Amino acid sequence: MKILSTISFVILLELICLVQMTLTEKCLEYIAPFYRKTKIVECPMVASKDKRQTTTNSNNMITVDFHCLTDDKTLCNKVEQVFITAGKFITATLNLKTVISVNAQFLDFCKTYGECDKNVVILGAAGPARMIPYQDPNENKIRFYPQALYKQMNLSEEHPEFGPNEIMATFNSNANYWFEGDPLPMLEIQSDMLYVVIHEMVHGLGFTTSWDDYFGVKALTPVIGGTTKAPSPGETTTQNNELESSQFFELISDKFLVLLPSGKLVTSIADEINEFQFKIESLSSLDGVANAFTASPQFPIAKNMYEVAMTHGAIGFLTIPPSEQLTQGQILNNVIILETSLIPYQHSSSIAHTDFETYVNSSDFLMLYTYPKTATLGQIMSAVGSTNTTGPIGPKLRLLLGSLGYEVKNEYVPPVKLSNMPIKNYNPSDAYNNNNNNYDMNNSSLICFNLILNLICIIITFSNNII
């Protein structure tokens, strides 16, 4: 079994402590996406535009800081070339205003992480390298934005200082990859490295969600946090400062989630859950917060969201501006159906991917939770007819990225010609047991790898003129 871990796509933090201050800001950075390791970093407000520009060209606005930690230099060169090609496909789709930098590692997961199970092969993990808190001036709500997206938004010249990279990615050198130019047909035990990298990079661009079962009580909430009062002049900021309020924080992508078929905005459910209040002493342990939450009137709301996340076709991504008064026509024609058929609920796979049944045989095949077996990216595009129309990033995924805030190009010109030996009677759904009552991990290659999480308290300090 091959698993492409999406563990870093969701902000899997049991606790985020936000501290309001006037002059400085702290951001969240991933330092080890495979284990969700994070750190807080100083990102003070700066008055100038981002000066960190890397020489590139209009055909590829993605730069790669590539670190290959294997002795097979031929393999290293192949992997690095895949990242370059992936950047070209993304650039052919998005009109990127500034360079997006990817920190990519290719290493032995067995030697590095102790992940040596030959039956459960983890392909890799990737996600935003830095998340920035920002409040849309039209809304009274703080959400987290991937740095890659934040840089494209042309906000005021004063902004939090950016980190060196927008996306962090790490891939397993022990996996069996297929590369462009290798023999066809591709073996069932192989995965097309280009497909895997583009899929992961789209997650790094912001296709993710904050909704998850953080307490392990079969109830979904956005990420948990609290806001403390600003310290007095000369007072030292600590994690023990008095809480002003507790809050659940969403990502920018959560703004566009809707329940189906009603069209109810999921962000309104986050508002309902935000009625939950807890005291500072309950932050001493995750159990303390969990116990208080499970006894609250908001718990049934979160329990219902957990059930919704296991009901096929129950959550969608809205590709038009969110509204409390959507018509049935708007809901029918402007929603991307997300993956909610997996039972039991799967961290980072449920909700964070497009619906398998709806899109597996369409040009929006890229962001499924599982890899189409025995087919390369070029073959899949040829089979679904997207080679010269949208490429790997299908029409609905283009709308999704546009809704997040990226500028999508009107026309698509294939940047690279891929091998596309025809596949007779292409129907990848036949290779999977996609029964709602039997979620078979052995059929999954784009499934998250669940890890036991510890209580994490992250202090993020940001300027009053942002909040």
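Worth a mention:
- Extreme residue, farthest from residue 216 (Cα to Cα), among residues of the range 329-350 that are touching a residue at least 12 places away in the same chain (Cβ under 8 Å) and part of a helix (DSSP H, G or I): 330
- Single residue of the range 324-336 satisfying the filter (out of contact with any strand residue (DSSP E or B) (no Cβ under 8 Å at 6 or more places or on another chain) and over 20 Å from residue 357 (Cβ atoms)) that is surrounded by the fewest Cβ atoms within 10 Å (Cβ to Cβ): 325
- Subset of the range 111-132 (residues that are of a type in the set (D, E, K, R) and under 30 Å from residue 27 (Cβ atoms)): 115, 130
- Contact map, the range 105-124: residues that are aromatic (Phe, Trp, Tyr) paired with residues that are in a strand (DSSP E or B), Cβ distance under 7 Å, separation 6+ or inter-chain. Pairs shown: 106/68; 106/171; 109/122; 109/172.
- Only strands (runs of 3 or more DSSP E) whose full extent lies in the range 94-205 are considered here, and the ones with at least 2 residues that are over 21 Å from residue 366 (Cβ atoms) are 100-107, 130-135, 142-146.
- Scanning the range 399-458 for residues that are among the acidic types (Asp, Glu), farther than 18 Å from residue 389 by Cβ, assigned to a loop (DSSP other than H, G, I, E, B) and modelled with pLDDT of 50 or more gives a single hit, 407.
- Matching residues, the range 365-379, being surrounded by 24 or more Cβ atoms within 10 Å (Cβ to Cβ), of a type outside the set (A, V, I, L, M) and under 15 Å from residue 89 (Cβ atoms): 365, 376
- Lone unmet requirement of (1) at pLDDT 85 or above; (2) within 15 Å of residue 194 (Cα to Cα); (3) buried (at least 16 other Cβ atoms within 10 Å of the Cβ) for residue 77: (3)
- Conditions (1) at positive phi; (2) in contact with a Pro (Cβ under 8 Å, 6 or more places away or on another chain); number of the one not met by residue 373: (1)
- Screening the range 380-395 for residues that are crowded, with 24+ Cβ neighbours inside 10 Å and of a type outside the set (Val, Ile, Thr) and picking the one that is nearest to residue 188 (Cα to Cα) gives 381.
- Members of the range 243-273 that are over 23 Å from the mean Cα position of the chain (by Cα) and modelled with pLDDT of 90 or more: 261, 262, 272
The values are calculated or read from the model by the stated rules, or taken from the named source; none is laboratory data. Only a predicted model underlies this, so the values are computations on that prediction, with no experimental measurement involved. All Cβ positions, even for glycine, are placed from backbone atoms using ideal geometry, and neighbour counts span all protein chains on display.
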